[in-house]
Amino acid sequence: MKTLFRNLLLLLVAGAAACTPRERTIVLLSTNDMHAKIQHFPRLAAAVEACRDTAQLVVLVDAGDRWTGNAYVDRTPTPGMPMIALMNRLGYDVATLGNHEFDHGQAFLGRMIDSMDFEVVCANVVSDTCTFPQLPPYTILRRDGIRIGFVGVVTNYEGPGHPAGNASSFVGLRFPDPQELAERYAAELRPKVDLLVLVSHMGDDRDQELLEDGSQFDLVIGGHTHELRDTLVGGTLLTQTGKNLANIGVTKVRMRGRKIERIDFEIVPLSNYEPDAEYQRLVDDYYADPELNRPIGTFARTATKAGLANWMAATAAADAGADIGIYHIGGVRLDSISQGGVSTARIYDLEPFGTEVAVIDMTVEELRRMIVTKYNEPTREGHRIDLIATVPYTIVVDADDRACTVLFPGLSDRKTYRVAMSDYVFKNYRDIERQRGSISGRKVADVLSENLVSGRPVDPDNALKQKVVRE
């Protein structure tokens, strides 16, 4: 009798153990805003492979802006292709679009998507053109029976109504509200998945808005604003890893059966890893371009971002024979250039967009209106000194940080001035009388290169001539 009882007890214990949901850990590795910095890709490859060696369930995710920012990627016969080739080789699983994916136009992006071996999802881009495929709003990946849903969204706030960039790049496309579409597809996916992830290129500020209003997402892998974020908002983890492949995001999701037990996130510097030798050879091949490597001039001292903006504005004005030069700070893509020799590649890194110089006749009142309108925009480009000029000016704001007026101490209200600016400002900024201007056809990168080649070292002016004061 005792033996029978003991055997029954053992069977009950074994059955209970068999019914206990097993524990598993999914590791989501994430990047965002890589901006073609393939020089750091060998360290990324080493980090990813190290994780795959120790974890069974690994998913590799990117939150957009994969190219624009490195001449060795952007100046290839197919711009951006080195980045995609490396991502394919490393085995990315899913990604969304960033605004810079559209830099070469939506038709080009449509062709590039065909080259991506990973799933590209974006819920808030709607295509009415055959040159751009209609992307799926989400995808479901399965890892060891666990269902992971990924919804993708891209910013539409800076356009307005489309991502930041030239309006011509978005012809035939519509960009509905990303927050609304994120939640719509979250509701559709929630019953079908065990882990629900938003892959967002809205910016951490917009991601936080979404989560503060209540969300069904378990995790946000974010990008666009180049921030470091590891924040819990309304019970959902909001993450972002900065920019330029300085870091990788590591999210560990502990599951018991199909239930999430815990989510942890860590920002890991890629400088912690030795470059993978195989990927280093591939990157070295891309960098072996004598034309891009050739020094074309020198800087007499290190230029800060303000110094670079001042140089770009002044050089554009001099080339156009203008009274005033203006350059937008978002178009200055380097934070500095060091003293010494400057290569062709460095200039293309500074201005990777193929921007041209535009020239327009403007009164002081028109300059004032353009700057006030830009400052008061409810976007991440607003409420900052966005337009760097060769002439000093002061933006006067009220207690709510709304620009009221702009003071130009060196200009006369009775005169009309010839103003040189980037064609991006000319075509996209509001309150510009475009009929009194034109695009010169002169590329900013060429104008800067010619200035360097002239022989005299560039002595950058690192002092910002613009300021904001409260009335």
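The values are calculated or read from the model by the stated rules, or taken from the named source; none is laboratory data. Not measured: the values here are computed from a predicted model. Cβ sites come from the backbone with ideal geometry, for glycine too, and all protein chains shown count toward neighbours.
Worth a mention:
- Here residue 105 clears all of (1) buried (at least 23 other Cβ atoms within 10 Å of the Cβ); (2) closer than 27 Å to residue 40 by Cα; (3) of a type outside the set (A, V, I, L, M, F, W, C) except the condition numbered (1).
- Filter pass, residue 421 being surrounded by 15 or more Cβ atoms within 10 Å (Cβ to Cβ) and either in contact with a Lys or Arg (Cβ under 9 Å, 6 or more places away or on another chain) or of a type in the set (S, T, N, Q) (or both): no
- Qualifying strands (runs of 3 or more DSSP E) (wholly inside the stretch 171-245; at least 3 residues being farther than 19 Å from residue 147 by Cα): 228-233, 236-241
- Residues that are within 15 Å of residue 330 (Cα to Cα), in a loop (DSSP other than H, G, I, E, B) and in contact (Cβ under 8 Å) with a residue 12 or more places away in the chain, drawn from the stretch 372-408: 379, 380, 381, 383, 384, 385, 386
- Residue in the stretch 119-134 that is touching a strand residue (DSSP E or B) at 6+ places or on another chain (Cβ under 8 Å), surrounded by 19 or more Cβ atoms within 10 Å (Cβ to Cβ), among the β-branched types (Val, Ile, Thr) and more than 29 Å from residue 57 (Cβ to Cβ) present: yes
- Selection of helices (runs of 4 or more DSSP H) fully inside the stretch 285-358 by the criterion of at least 1 residues being of a type in the set (D, E, K, R), closer than 17 Å to residue 443 by Cα and in the same structural domain as residue 390 (by TED's automatic domain parsing) returns 305-320, 344-350.
- Considering (1) buried (at least 19 other Cβ atoms within 10 Å of the Cβ); (2) hydrophobic (A, V, I, L, M, F, W, C); (3) closer than 17 Å to residue 65 by Cα, the lone condition that residue 148 does not fulfil carries the number (3).
- Residue match in the stretch 400-413 (condition: closer than 25 Å to residue 350 by Cβ, of a type in the set (Lys, Arg) and in the same structural domain as residue 360 (by TED's automatic domain parsing)): no
- Filter result for residue 307 (surrounded by 20 or more Cβ atoms within 10 Å (Cβ to Cβ), closer than 30 Å to residue 458 by Cβ and in contact with an Asp or Glu (Cβ under 8 Å, 6 or more places away or on another chain)): yes
- Scope the stretch 281-318; condition under 24 Å from the mean Cα position of the chain (by Cα) and among the β-branched types (Val, Ile, Thr); matching residues: 283, 304
- Every residue from the stretch 35-61 that is more than 18 Å from residue 242 (Cβ to Cβ), among the polar types (S, T, N, Q) and not in a loop (DSSP other than H, G, I, E, B): 54
- The residues on offer are 437, 441, 455, 410, and the sole one that is surrounded by 16 or more Cβ atoms within 10 Å (Cβ to Cβ) and small (Gly, Ala, Ser) is 437.
- Every condition in (1) part of a loop (DSSP other than H, G, I, E, B); (2) surrounded by fewer than 20 Cβ atoms within 10 Å (Cβ to Cβ) is met by residue 266 except one, and the failing one is (1).
- Checked against the criterion of being under 22 Å from residue 266 (Cα atoms) and either buried (at least 24 other Cβ atoms within 10 Å of the Cβ) or in contact with a helix residue (DSSP H, G or I) (Cβ under 9 Å, 6 or more places away or on another chain) (or both), the candidates 28, 97, 57 yield just one match: 28.
Residue-by-condition table, conditions (1) of a type in the set (Lys, Arg); (2) under 17 Å from residue 320 (Cα atoms); (3) surrounded by fewer than 19 Cβ atoms within 10 Å (Cβ to Cβ); (4) at pLDDT 95 or above:
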| position | (1), (2), (3), (4) |
| --- | --- |
| 396 | no, no, yes, yes |
| 403 | no, no, no, yes |
| 427 | yes, no, yes, no |
| 432 | no, no, no, no |
| 459 | no, no, yes, yes |
| 465 | yes, no, yes, yes |
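- Residues that are touching a strand residue (DSSP E or B) at 6+ places or on another chain (Cβ under 9 Å) and surrounded by fewer than 18 Cβ atoms within 10 Å (Cβ to Cβ), drawn from the stretch 247-260: 252, 254, 256, 257, 258, 260
- Wholly enclosed helices (runs of 4 or more DSSP H) of the stretch 67-144 bearing at least 1 residues assigned by TED's automatic domain parsing to the domain that holds residue 225, within 24 Å of residue 182 (Cβ to Cβ) and modelled with pLDDT under 95: 106-113
- Test for residue 91: is it touching a residue at least 12 places away in the same chain (Cβ under 8 Å), surrounded by fewer than 20 Cβ atoms within 10 Å (Cβ to Cβ) and on the phi > 0 side of the Ramachandran plot: yes
- Residue in the stretch 247-254 that is more than 26 Å from the chain's Cα centre (by Cα) and without any contact (Cβ under 8 Å) to a residue 12 or more places away in the chain present: no
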